[in-house]
Amino acid sequence: MASSRQYLDALTGLRFLAAAHVVAYHVYHLGFTGTEAPPGLHGLLDSGYVSIGFFFVLSGFLLGYHHLERPPDSYETRKAFWVARFARIYPVYALGLVLDAPSYLKGLRDAWTVDPWRGMEHAEALVLTPLLLQSWTPWTAMAWNGSGWPVAVGAFFCAAFPFLAGRLGLLGPKALGVAAAVAYAASMVLPALYMVADPDHTGGTASAYNSGPWMLALRFNPLARLPEFILGILAARGFLLRADAPTHPVALAVVGGLLIAALLGSPWLPFPLLHNGLLAPVFAVLFILLSGSQGAVARALASRPLRILGESSYALFLLHMPVLFAWKSVLKRLGEPPTSAWAVAVFVVGSVILSVLAHQRVQKPARAWIRERRASRRSSPGAGGARRASRGPAARAPGQSPPAPPA
């Protein structure tokens with residue numbers, strides 16, 4: 001189901017910065033020790049997981065922006081919407097699984113050798129990960145291409161969106177404020193309960209690299225992250241209600257400064273809250289302000305180089321971890337440390353180039369092929385006749401709109 005709305009180019013450029021934040025976080029922890037940087041820079045590098053929540057809110061905002069005024073509210077339009085989302089996300093997701101397969105299979109073999117029970121848990125990812133279901137079980141979420149677990153969460157969001165859009169798209173300003181407050185509170189309830197109960201007995205030391213099973217479930221389970229997505233949809237509704245309102249540069253500067261300050265000071269903020277949506281309202285307001293801005297920041301983010309990188313950010317997000325593990329293996333054979341400046345530079349440049357190529361040569365052609373296949377199936381006489389025969393002559397009432405066009 002296609003949208004006629006113009007693209008928000010500033011948010012496209014911002015997507016690349018968020019993806020780069022995630023990449024820097026993984027380099028900092030998987031290439032370095034995660035402790036080398038001075039305090040402020042350490043906070044920025046150590047908070048890369050926050051940008052995953054950024055993408056959850058952004059996903060809701062963009063889907064709401066493009067679809068709230070004409071939500072997919074029938075079988076045909078929902079199917080068109082789901083096929084379009086599958087065509088957008090799955091080709092590069094599958095490429096990431098292929099690239100990470102050697103690392104995953106080696107890990108599976110090692111786990112099976114040490115602990116067969118753990119090996120069985122690890123093996124469940126063979127089935128769940130290709131089906132985008134790995135985030136529902138904590139032990140499989142990061143087993144096979146760990147950077148793909150947010151896509152599994154996002155797949156659930158896409159499945160739920162048509163059923164959320166019809167209701168959320170009708171909210172007025174007052175109800176919108178109440179709904180946003182409820183969504184934000186819902187995103188904070190489980191992390192707050194975790195901090196109070198401490199079911200993993202961490203003593204307050206829970207982190208992305210020190211998580212028990214309850215923390216893993218809190219981080220990865222789609223239901224725990226759903227309020228962030230809903231907050232993004234509500235932000236889109238708010239933007240659509242005030243789309244003609246100008247954005248004041250001071251407001252944008254304040255929100256951007258608040259976000260940067262929170263990232264720099266992330267070591268002093270509670271990890272469970274920060275990981276699961278503490279900054280979600282800041283992201284939502286930032287998206288609203290940038291989408292309506294014509295200022296220098298918005299123009300810079302919408303520049304052609306950042307747009308190209310932003311369009312490729314999904315591929316960068318999914319492919320950088322397999323590339324990082326492969327590059328570390330090469331460096332180990334060469335006897336070179338992964339922390340050398342040239343090694344980091346080669347990885348970063350190589351990952352960006354690979355992501356642009358994957359977007360141009362895999363994501364876009366595969367997406368077009370899937371859409372063309374669906375269009376040809378819908379337009380074939382046999383398919384149309386079969387639908388008419390199965391539905392009968394009274395399947396469409398007089399005056400009812402025909403099915404939606406292909407996605």
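The values are calculated or read from the model by the stated rules, or taken from the named source; none is laboratory data. Only a predicted model underlies this, so the values are computations on that prediction, with no experimental measurement involved. As a convention, Cβ positions derive from the backbone with ideal geometry for all residues, glycine included, and neighbour counts pool all protein chains shown. All accessible areas refer to the heavy atoms of the entire protein, side chains included, with ligands and DNA or RNA removed. Shrake-Rupley method; radii C 1.70, N 1.55, O 1.52, S 1.80 Å.
Taking (1) under 20 Å from the mean Cα position of the chain (by Cα); (2) small (Gly, Ala, Ser); (3) within 26 Å of Ala296 (Cβ to Cβ) in turn, Gly256 satisfies each apart from (1). Among the residues of the stretch 92-102, those that are open to solvent by less than 20 Å² (accessible area, probe 1.4 Å) and in contact (Cβ under 8 Å) with a residue 60 or more places away in the chain comprise Val92, Tyr93, Gly96, Asp100.
Would you call Ser355 closer than 14 Å to Leu99 by Cα, out of contact with any strand residue (DSSP E or B) (no Cβ under 8 Å at 6 or more places or on another chain) and buried (at least 20 other Cβ atoms within 10 Å of the Cβ)? Considered against the rule, which asks whether it is closer than 14 Å to Leu99 by Cα, out of contact with any strand residue (DSSP E or B) (no Cβ under 8 Å at 6 or more places or on another chain) and buried (at least 20 other Cβ atoms within 10 Å of the Cβ), Ser355 comes out as yes.
Taking each residue of the stretch 207-221 that is β-branched (Val, Ile, Thr) and looking for partners that are open to solvent by 40 Å² or more (accessible area, probe 1.4 Å) and not in a helix (DSSP H, G or I) with beta-carbon atoms closer than 8 Å, six or more apart or interchain, yields nothing. If only residues of the stretch 53-80 that are surrounded by 23 or more Cβ atoms within 10 Å (Cβ to Cβ) and of a type in the set (Phe, Trp, Tyr) are counted, the one that is nearest to Asn221 (Cα to Cα) is Phe56. All of (1) surrounded by fewer than 16 Cβ atoms within 10 Å (Cβ to Cβ); (2) of a type in the set (A, V, I, L, M); (3) within 30 Å of Val297 (Cα to Cα) hold for Val127 with one exception: (3).
Residue-wise test of (1) small (Gly, Ala, Ser); (2) within 23 Å of Arg219 (Cα to Cα); (3) out of contact with any Phe, Trp or Tyr (no Cβ under 8 Å at 6 or more places or on another chain).
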| site | (1), (2), (3) |
| --- | --- |
| Leu264 | no, yes, yes |
| Phe271 | no, yes, yes |
| Gly277 | yes, yes, no |
| Pro281 | no, yes, no |
| Leu290 | no, no, yes |
| Arg299 | no, no, yes |
| Ala315 | yes, yes, yes |
| Val323 | no, no, no |
| Lys332 | no, no, yes |
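So, of the residues in the stretch 269-301 that are among the aliphatic types (A, V, I, L, M) and within 16 Å of Ala208 (Cα to Cα), which turns out to be most open to solvent (accessible area, probe 1.4 Å)? For the stretch 269-301, the residue satisfying everything is Leu269.
Looking only at the stretch 241-268, residues that are modelled with pLDDT under 95, of a type in the set (Val, Ile, Thr) and surrounded by 13 or more Cβ atoms within 10 Å (Cβ to Cβ) come to 1 in all.
Val348 passes every criterion in (1) touching a Phe, Trp or Tyr at 6+ places or on another chain (Cβ under 8 Å); (2) open to solvent by 40 Å² or more (accessible area, probe 1.4 Å) apart from (1). Is there a residue in the stretch 103-121 that is under 15 Å from the mean Cα position of the chain (by Cα), buried (at least 16 other Cβ atoms within 10 Å of the Cβ) and not in a loop (DSSP other than H, G, I, E, B)? Scanning the stretch 103-121 turns up no residue that is under 15 Å from the mean Cα position of the chain (by Cα), buried (at least 16 other Cβ atoms within 10 Å of the Cβ) and not in a loop (DSSP other than H, G, I, E, B).
For the stretch 319-344, a residue qualifies if it is open to solvent by 50 Å² or more (accessible area, probe 1.4 Å) and of a type in the set (Gly, Ala, Ser), and the qualifying residues are Ala326, Gly335, Ala341.
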